[in-house]
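Derivation of every value follows stated rules applied to the coordinates shown; laboratory data play no part. None of the values given here were measured: they were computed from a predicted structure. With ideal geometry, Cβ positions are generated from the backbone for all residues, glycine too; neighbour counts draw on all protein chains shown.
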Amino acid sequence: MRSFAYVSAPDVASAITAIGASPNAKFIGGGTNLVDLMREDIETPDTVIDITRLPLTGIEELPGGGVRIGALVRNSHLAADRLIRTRYPMLSQALLSGASGQLRNMATVGGNLLQRTRCAYFYDSAAACNKREPGSGCDAIGGFNRNLGVLGVSESCIATNPSDMCVALAALDAIVEVESVRGTRRIPLADFHRLPGSTPHLETELAADELVTAVELPALPVAAKSRYRKVRDRSSYAFALVSVAAALDVRDGMVSEVRLALGGVATKPWRAHEAERILLGAPAGEESYQRAAAAELSAAVGRPENEFKIELARRAIVATLRALDGSVA
Amino acid sequence: MTLHPEVRPRPAGHTMEVRLRVNGADRTLQLAPQVSLLDALREHLGLMGTKKGCDQGACGACTVLADGERINACLTLAVQYTGREITTIEGVTDGELQRAFVRHDGFQCGYCTSGQICSAIGMLAEHAAGMPSAVTEHRHGDAELTDAELTQAEIRERMSGNLCRCGAYNGIVDAIQEVAR
Amino acid sequence: MTQTEVASPPRSEAKELSVGKPIDRVDGTAKTTGTARFSAEYPYPDLAHAALVHATVARGRITAIDTADASAVEGVLAVLTHENAPALKPALSPSPLNLSSMVSGTSLDYLNTDEVHWNGQPVAVVVAETLDAARHAALLVRVTYDQLPATVDFAAEEKNATPVKGDLISPGEEKKGDAEAALAAAPVSVDLRFTTPPYHHNAIEPHATTAAWDGDRLTVHDATQSIDWVRKHLALRFGVPVAGVRVIAPYVGGGFGGKGSVWAGTILAAMAARVTGRPVRMVLTRESIYHTVGGRTPSAQRVALGADADGRMTALIHTSVSRIGRIGGRPEPVTAASGHLYDAATILLQQNIVELDLLPNTFMRAPGESIGTFALEAAVDELAGELGLDPIELRMRNEPAKNPLDGKDFSNRMLREAYALGAEKFGWSRRTPQPGSMRDGRWLVGMGVASAYHPPVQLNANITVRLSVDGTVVVRCGFQEMGMGGATVQGQIAADALGVPLASVKVEYGDSELPIAPMAGGATQTASVATALLAACDKLKRSMLALARRSGESPLRGQRLDRLEARDGGLYQIGKPGVGEKYTDILGRAGRPSVDAAVGSDTGLGAVAGQVRFMTKFLRDRRRWVKAATGAHFCEVRVDPDTGEVRVSRWVGSFDVGTVINPKTASSQLRGGIVMGIGMAMSEQTLIDPRTGRIMNPSLSEYHVPVHADVPPIEIHYLNEPDPTMPLGLRGLGEVGITGVAAALANAVHHATGRRVRDLPITLDKLL
């Protein structure tokens, strides 16, 4: 790891002032991704601003039934929170399916939003990677890409977003609150992460001097009946090959409300709008689920190594919806 | 706007004073900010019981307790833990779990063992506090969340952040389950 | 007289025995309290730290290496490159006549050449006051290369493989009859291709070396499985006397073969210490381990089996292609088990090799048998399917009475009994044969079996045993403890051989100052050390008796050793446990503080004699017997019909491993093999980019070794019958556990799903 200057910010104002003063600075929270990337020489900040002492650790119920989560709430605490477990079980499950007990005790909500890809070519500085080094090319497209994306990909980049939490947040219409010396902004999660296009190094809408301060979940009664299904190469402690966050409400045999998002298959947390559109008002059941999954995946671009993800995603979507409608335990 | 006195960056390459409370004792170190908590414990405090297996947050050998919560010491900067209470294997005083590891042969080479034991202590505390795991079953919309029984499946899922390449998993799980009863 | 007789004389009333009991490990407290010291954990004043810089091309020449920025980092003591590194003396050419010559992981003289032979080769070493400075500076070394064409794609080169020639240690082509003709004529047959990927050991302890020079004397704390060979190798490479090199490695944090050879880190740590005049510690990063320590070769295998309508095998063909490096490695004996498992009328075993511009392969747990039994035992399952026979029944119909290849006797073989025991414990009779016919809720359930097979080898071990007037026994032998429980098991053996309590036996190990022990590998160590230990204990008892007989007062006066047994801390007449004398009394009367016994010699003629003795015994033994640890694996898997996720839900291993010295540590070793086999079968693979030869998943997050949640309760059962040709009847069991595991899983997955996956690992995409 290269050396850097370290500061610890006592409050939000100091933190955003400090980052405003150092263009190549990074905030550090739990450090679980940043420290690893600094050790790999992929992140090379000259200043690291410690934000773990900021008072952003609350989980509060909002009037109307939503929940506001401080950016420094740690993953394990959020997953265990009773409000989250009862109102948004998919979020609790997504968090618990990520990483390990130790890492969940360290990782923060804000940091999880900014988690970077696990693409092998991004991690190896000997390889060409447009995300790490804009314009250098992409060795992943013709290389090992079994764990990479089929949705939202470009000629420049097929790297997947590795976050589980963000998949649930995408399904839940979460809002990300960010702050800088210029003031506060509220960014819908759906817009927070960017598609790679020709600029895969630009991963989020967050400006270099902005601090994530909170995530808000709107009231969403359907989410009380939701789940997160993660499919991976080990039984635990592995990144998703495919994951599905889904909430479903069925009235009189028809889908009255649905939320669906995918992880492991896309370059950003993937809200399955097309599938939701087909499902809404359709008869609950295998045929509708198949049709919705196929429609969502019709734009998927597979490569020899990761083509299977399209079929796997289709099956995972259908199985998750089936489990939610009560037809399968 | 002027910087808060505490947030004036120290120049890169320089060391700073880091005060940790380790196994009940106050320790003051001069460290470069990039020194991980793990390297601070091993290389600067000589506490070699905490192990470095991957330095990537992928094996759990470096697990220590910070204010009673298990963390990976390799993926954190020591300076971030100023003022926190760190417990390493050298500070684990309740020998019951350790004796259970020996009885159940919950290790072979012994290299991952400190991390397994510290992780188990943290895990048992998490479970006692009612924290769920990925295999905890809940009925949707349950107003009253019931706590998970600490089955072998629960222990295995909750301990999955600690790799053991010798494959002593059965003994580890048996040892933890015996102590948890 | 066999060793078994020495250790178990007839006796009137049972004496308290330690062997056979599930004794807790003697190092348990050290390992569970964090006090066991590993190679990177020895404090030295003025210790400096080293880090490696790796090549990023597969083959070429270094045209420039810029170390200015690295050298400028505060605290950097030296940046070693091929431009300034001291010359290394050449290593010995590998020869099976001198086993220590085979300890070089590669033939490269590190930092002595501008040539690059593999992607990841160390091209510079940074030495600094702190670990952080060394790592930081290593990032700043800039290397430019003139690239040369490189051959790195195993799959593409498979067709260019050439036959492996046999040598003293491993055979070339082996055949009985005309197997191809018999296959063509067989009424029922299968002819199948299997592939296995490269694997890495991934011991949790990183390879680490702490090296300190004092003039021409070198002390090295090294994470090694081969204390003595590391010592000889370092003496040779640095041109210093062997006697001045000390290698210390009491605790090794897992090896599995990866720490069996000398790799770059060890040599370069010693070099860095020599250049800087400082003690140097080099702990390899996980990435550096992948780049500098070889792994298991990938393989492509053909298994063809022919049978008559009753399932009696008429042809067994097993051929393989594997790889070595252009600068080292040995062909993995992929077909090693295939000549011993089935009574086929004709047999053809043949291995082929390609040489690639990659870091050479190396030993990894059960080299040969682990991947070879995957193909063979999966093919046997397929043949059973063709025949409509239960896979155990097919095996029983072909279980040989003599070694199938050449008709030699088995020393003892109880595979039939292993299957019977395992089937009962597992509940095999509950299995319905039709694939896809068993379910548990929505899960598809499958059950599979496969045979395990691994031959034991004994190497030469030297040892001393001291019995003191206070009643304590000290066993001294320079073996290493990396989880096998060596100190515990050898302590048990010594306790019984001398008739003393285990608590009074102390075993000293892990230091080249001790008598030379063989490397820990090939499941050899326990049996090798036990042979020497039993002989030394025998000598010691003779000395004690001789001492006693000198005194007219001793009740042992006029006694012969063959009428005595060692028990209760002394020697007593067989059948008359009251007649005899304690060792402490014998020594006390004689005014002797202690008596020593030694077996083997570490130096000069004695060492040569030991080597000759070993080779003679090895070859003679091989002429007379075929012996092996064997077993039957039974496993149950659950497969998610939607996603293809496989969960291993149950495991029963039933083993014929000879005498079990300590069921607790033995079961752990066998379980460990099975767990590694589960990883090999289901999730592990090293990804080597066929365009660049670069390892693309050099981490424990992307190379998927099994985690807790992947591993079900594993039941281990033993037949516990001594092998009459082995010391105490024991066979090594460090390797047999992994053999057959991948096949048992592939067979279970087929039973659950109807899918045959013949290319490992069995990832879920192959089941969609």
Candidates per chymotrypsin sites (Phe, Trp or Tyr not before Pro) in the range C:583-638, loop by DSSP, up to 15 other Cβ within 10 Å: none
Under DSSP loop assignment and at most 12 Cβ neighbours within 10 Å, longest GluC sites (Glu not before Pro)-free interval of chain B: B:1-136
Stretch gain in nm, segment C:LYS165-C:ARG691, where the contour uses 0.36 nm per residue and the Cα spacing is subtracted: 186.4 nm
Efficiency of FRET between C:ALA309 and C:ARG542 - r from beta-carbon atoms, R0 60 angstrom, step 0.05: 0.45
Within the range C:215-229: backbone nitrogen closer than 18 Å to the C:LEU92 label point (7 Å, Cα to C-beta): C:225-229
Mean Cα-pair separation over length for chain A, i.e. relative contact order, pairs under 8 Å, 6 or more apart, %: 17
Summed residue charge, Cβ within 13 Å of A:PRO196's Cβ, Lys/Arg positive, Asp/Glu negative: +3
The range C:153-188: trypsin sites (Lys or Arg not before Pro) in DSSP coil with no more than 13 other Cβ atoms inside 10 Å: C:LYS165
Residue exposure sequence - A:ARG186, A:ARG104 - by fewest surrounding Cβ within 10 Å: A:ARG186, A:ARG104
Top of B:CYS62, B:CYS74, B:CYS109 by mean-square fluctuation, Gaussian network on chain B, Cα under 10 Å: B:CYS109
The range C:324-359 and the range A:125-190: distance between their alpha carbon centers, rounded to Å: 45
DSSP-loop trypsin sites (Lys or Arg not before Pro) across the range C:667-739, with at most 16 other Cβ within 10 angstrom: C:ARG691
Residue-count net charge about C:VAL73 - beta-carbon cut-off 11 Å; Lys, Arg +1, Asp, Glu -1: -2
Paramagnetic label zone (point 7 Å from Cα along Cα-to-C-beta, B:ALA25; backbone N under 18 Å) in the range B:82-110: B:83-94
Length-normalised contact order for chain B - Cα pairs under 8 Å, 6+ apart - percent: 21
Relative contact order %, chain C, counting alpha carbon pairs below 8 Å whose residues are six or more apart: 17
Cα-Cα P(r), the range B:16-91, percent of pairs per 5 Å interval: 3, 19, 32, 29, 14, 3
Rounded Å value of the spacing that divides the Cα centres of the range C:625-678 and the range C:492-561: 34
Neighbourhood net charge (9 Å Cβ-Cβ; Lys/Arg +1, Asp/Glu -1) for A:ARG259: -2
